[in-house]
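Take a look at the structure below.
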Amino acid sequence: MSNTDENLKTAFEGESQANRRYLAFSNQAEEEGLPNIARLFRVAAEAETVHALNEIAAMGGVRSTLENLNEAVNGEEYESTQMYPKFIEDAKKEDRSEAVLAFTWIRKVENEHMNMYRQAIDQVSKGEDVEEKEYYICMNCGHPEEFAAPERCPVCGAPREMFKKVD
């Protein structure tokens with residue numbers, strides 16, 4: 001890998017993490033009653049997204065939808081079968097119950113993503129799009145739900161009010 005390719009990869013990772021970090025900072029500012037600072041963090045987060053998208057494009061990291069779905073399945077499968085089980089084990093050894101819970105929820109959700117992507121691969125392989133659906137995300141654990149938010153999240157038990165519709 002060339003220096004430029006390594007630099008693009010490093011920059012993409014940094015910009016992507018900055019986006020998520022700034023959104024978390026925005027949420028905290030909102031909780032503290034500082035809406036204008038929250039907006040400032042959201043502006044910076046959106047700019048970091050633009051940067052990351054430019055970098056992944058320059059890396060050639062976006063291919064056909066079928067190739068992208070296959071890459072996504074592989075990533076989600078790795079996370080749900082190897083990465084998070086190891087993280088859970090480490091957190092248990094270190095008596096970090098909050099991390100154990102977060103990693104356990106995430107592992108379940110990553111497995112759901114993998115299954116959703118596999119279904120999409122089947123459709124795209126036939127030259128079709130997936131069925132149009134409404135999607136809802138549990139804002140506590142990330143569980144995706146199709147068509148309507150459930151009374152309670154099947155992963156973390158959060159109430160329906162914790163679900164956000166994804167457009």
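Observations, loosely collected:
Yes/no matrix, rows are residues, columns are (1) surrounded by fewer than 18 Cβ atoms within 10 Å (Cβ to Cβ); (2) modelled with pLDDT of 95 or more:
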{"site": "75", "(1), (2)": "yes, yes"}
{"site": "118", "(1), (2)": "yes, yes"}
{"site": "122", "(1), (2)": "yes, yes"}
{"site": "126", "(1), (2)": "yes, yes"}
{"site": "136", "(1), (2)": "no, yes"}
{"site": "140", "(1), (2)": "yes, yes"}
{"site": "160", "(1), (2)": "yes, yes"}
{"site": "164", "(1), (2)": "yes, yes"}
{"site": "167", "(1), (2)": "yes, no"}
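- Filter result for residue 132 (of a type in the set (Asp, Glu) and in contact with a helix residue (DSSP H, G or I) (Cβ under 8 Å, 6 or more places away or on another chain)): no
- In segment 110-127, the condition of being in a loop (DSSP other than H, G, I, E, B) and either farther than 17 Å from residue 74 by Cα or touching a residue at least 60 places away in the same chain (Cβ under 8 Å) (or both) is met by at least one residue.
- Those helices (runs of 4 or more DSSP H) of segment 18-103 in which at least 3 residues are among the charged types (D, E, K, R) and closer than 27 Å to residue 129 by Cβ, considering only elements entirely within it, cover 65-78.
- Long-range neighbours under 8 Å by Cβ, at least six apart or interchain, first residue farther than 11 Å from residue 111 by Cα and without any contact (Cβ under 8 Å) to a residue 60 or more places away in the chain within segment 66-84, second assigned to a helix (DSSP H, G or I) and hydroxyl-bearing (Ser, Thr, Tyr): 66/125; 69/117; 72/117
- Residues located in segment 104-115, provided they are of a type outside the set (A, V, I, L, M, F, W, C) and closer than 28 Å to residue 130 by Cα: 107, 108, 110, 111, 112, 113, 115
- The residues of segment 143-154 that are under 30 Å from residue 90 (Cβ atoms) and surrounded by fewer than 18 Cβ atoms within 10 Å (Cβ to Cβ), listed by number, are 144, 152, 154.
- Residues located in segment 28-65, provided they are small (Gly, Ala, Ser), free of Cβ contacts under 8 Å to residues at least 24 places away in the same chain and either surrounded by 14 or more Cβ atoms within 10 Å (Cβ to Cβ) or under 30 Å from residue 123 (Cβ atoms) (or both): 29, 38, 47, 57, 60, 64
The values are calculated or read from the model by the stated rules, or taken from the named source; none is laboratory data. From a predicted model like this one, the values you see are computed outputs, not experimental measurements. In this analysis, Cβ positions are derived from the backbone assuming ideal geometry, glycine residues included, and neighbour counts consider all displayed protein chains.
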